[in-house]
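Undergrad: One structure, pasted below without further comment.
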Amino acid sequence: MENPPNIAFIHKVAADLTGRTTVQGRTHSFRCLKEGDEVHFWYLGRGKRRYNKIDQVVIHSDHSSVQCQYFGICGGCSGQHIPYEEQFSIKTNLLAENYKDNWEIKPELIPASTPYHYRNRMDFAIFPGKSGLRESGNFRKLVDVETCLIQSKWADTEWNLIRSYIIAHPEIPLNRKSEEGFLKYVTIRYSFSTEDSMVIFTIDKALEGCDGEKELEAWLLEHSTAKNIIFCYNPRPSEVSAFGSFKVVKGNSSYEEKILDQTLQVPFDSFFQPNPRQFEPILHEIQKWIQEWQPENLIDLFCGGGFFSILFGKYFEKIYGYEVNKASIATATEIVSSLYADKESSFESIDLFQKKFIPKFIESFESRNLDPSKTFLILDPPRNGAGSFMLDWIENSNIKYIAYVSCNPKGQYDEIMKSIGKSYTPVRVLMTDPYPHTPHLESLVILEKKKVVVDFKF
Ligand SMILES: C[S@@+](CC[C@H](N)C(=O)[O-])C[C@H]1O[C@@H](n2cnc3c(N)ncnc32)[C@H](O)[C@@H]1O
């Protein structure tokens, strides 16, 4: 007979938007539940891992604010059951309190102006009989998605058109087990500022140029409304979308985005802020501090394709970027050196998380002979943070000004608390929400080097 369930009520929603309950001293998180919801659950793990796996039945939950039919199953959104304004407070409240308590700073909090139809890019996986987004907690399973409310309306219409063609041609999707079919992903990119659009089809490299691909190409040229269409090829078992050797079927291999009044060409395989409109407050703030402090040198750490160097390069005499990805370094070098041909600029590919490469970074930095009091550091690491070596280096550096941008504000706060904050003072904090209905946020902390107080004792 099945064991009786544990019965619990959700007592709060945490900053990651999961509902929390505590049973016999153990706290559990449940996705898509809110305060007051009743949940019945069983522990499924064995031995030491007994409590790690949970099966649940939700007895009562008010989902009246949910607009998407796939909510709860799809791995994308996890907060639609909470009205947007409330979601934003839950995501930001605790951190805002922490900044106030520790540094007497009141962060500026900027909620999303458009909580739906905001993403400029979606990647749909293509499986036999299903095309759409990954199921929550299960990378191998797909939710067959007809419409996605967080992408643009144009992308929704285009996706429907392409999806109907795939449904009518069951031989197209790559079967990851039998290796029949050829199509792995469809990526749709759309710029809200320029209305430029692109669709990228990720195809199994072994089947490059097959008859199915030729038929798809002919059909797209007749029916698709995308301004740019790319076929790109990567070998099995790669599950990376929009990556590999490529062919331009229509238009160009890049599309146009506009941000801070600058028009940028985004290569089909490059990262770009998923919601540039909502990221702009961070850019305006960085620009304001650069104009106020007037530093001469820019260090762009974790620079990607040179996004910040491109936007702010005009304010500096010398621009240096560091980043692991060689293709991004090539893009940054090409764009920055042509945009700012009169300035000194250089971008280097270095793995900033590996101890053995840190001397290479320090040597490169020191060879620049920069005056630290005139140097501005933009730090924009990946979600897992700047890493212990970079944190140590920053903490002990004499660089005067730092703009620390992060898509993981909690991790950023922890790094400032335990390391950077020892020698820098946060002077401004801004949090904005480019990712409504998800637990994510973007935040900016402006830090200034502490003055060394010399204690003369006679
Ligand atoms: C949040 S993105 C920032 C990119 C860029 N600043 C932008 O706005 O487009 C973080 C960057 O860190 C880079 N990165 C990840 N691991 C790294 C490592 N070990 N060493 C150096 N850079 C790394 C990624 O390639 C990525 O470009």
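The values are calculated or read from the model by the stated rules, or taken from the named source; none is laboratory data. All of these numbers come straight from a predicted model, not from anything done at the bench. A quick note on method: Cβ atoms are made from the backbone with ideal geometry, for glycine too, and the neighbour counts reach across all protein chains shown.
Undergrad: Restricting to region 318-332, name every residue that is within 14 Å of the ligand (Cβ to nearest atom) and within 21 Å of Gln262 (Cβ to Cβ).
TA: Within region 318-332, Ile319, Tyr320, Gly321, Glu323, Ser328, Ile329, Ala330, Thr331, Ala332 meet the criteria.
Undergrad: Which pairs do you get when a residue that is in contact (Cβ under 8 Å) with a residue 40 or more places away in the chain, found in region 289-308, comes within reach of a residue that is part of a helix (DSSP H, G or I) and within 8 Å of the ligand (Cβ to nearest atom), reach meaning Cβ atoms under 9 angstrom, with the pair 6+ apart or on two chains?
TA: These pairs meet every condition: Leu298/Phe308; Asp300/Phe307; Asp300/Phe308; Cys303/Ser328; Gly304/Ser328; Gly306/Ser328.
Undergrad: Asp156 - would you say it is under 25 Å from Phe272 (Cα atoms), in contact with a Cys (Cβ under 8 Å, 6 or more places away or on another chain) and modelled with pLDDT of 95 or more?
TA: Yes, satisfied.
Undergrad: Let me ask another. Do any strands (runs of 3 or more DSSP E) entirely within region 60-169 hold 2 or more residues that are of a type outside the set (A, V, I, L, M) and touching a His at 6+ places or on another chain (Cβ under 8 Å), and if so, which? Break it down into steps so the answer makes sense when it comes.
TA: On the way: elements: 108-110, 121-127, 130-135, 138-144.
Passing ranges: none, list empty.
Undergrad: Here's a follow-up. Before we move on, is Leu311 in a helix (DSSP H, G or I), within 13 Å of the ligand (Cβ to nearest atom) and closer than 16 Å to Ser328 by Cα? Show your work before the answer.
TA: On the way: in a helix (DSSP H, G or I): yes; within 13 Å of the ligand (Cβ to nearest atom): yes; closer than 16 Å to Ser328 by Cα: yes.
Considered against the rule, which asks whether it is in a helix (DSSP H, G or I), within 13 Å of the ligand (Cβ to nearest atom) and closer than 16 Å to Ser328 by Cα, Leu311 comes out as yes.
Undergrad: Let me ask something else about it. Please name all residue pairs, on different chains or six or more residues apart, with Cβ atoms under 6 Å, provided the first residue is in region 267-281 and is at pLDDT 95 or above and the second residue is part of a loop (DSSP other than H, G, I, E, B) and near the ligand (Cβ under 9 Å from one of its atoms).
TA: Here the result reads Phe279/Gln273, each pair linking region 267-281 to a residue that is part of a loop (DSSP other than H, G, I, E, B) and near the ligand (Cβ under 9 Å from one of its atoms).
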